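Heads up: the structure comes next, in structure tokens.
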Amino acid sequence: MQHDDDNLTERLTAAMQAGVRQARAMHKAMGLPIVIWRDGRAVWVDAESLEPVSEPKPPAGRD
């Protein structure tokens, strides 16, 4: 059972990371600020200050 839980955790983590990369890329492309968590608070970050992000890979196990 532990192996299945580990696999699910890895897949969920990869999916969330891909979603964050996609959201950052979209905000940067549209020039819109984005909210991030920094030092225990939600803060707005200007799109111009966002670093470019690579295209997300699909999560493992998806065909």
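Miscellaneous remarks
- Taken over the range 1-36, the criterion of being in a helix (DSSP H, G or I) and modelled with pLDDT under 80 is satisfied by 2, 3, 4.
- Residues located in the range 37-63, provided they are under 13 Å from the mean Cα position of the chain (by Cα) and either modelled with pLDDT of 90 or more or at positive phi (or both): 37
- Selection within the range 20-47 - in contact (Cβ under 8 Å) with a residue 24 or more places away in the chain and among the small types (Gly, Ala, Ser): 25
The values are calculated or read from the model by the stated rules, or taken from the named source; none is laboratory data. Everything numeric in this text was worked out from a predicted model, so none of it was measured. When we count neighbours, we look across all protein chains shown, and the Cβ atoms used for this are built from the backbone with ideal geometry, even at glycine.
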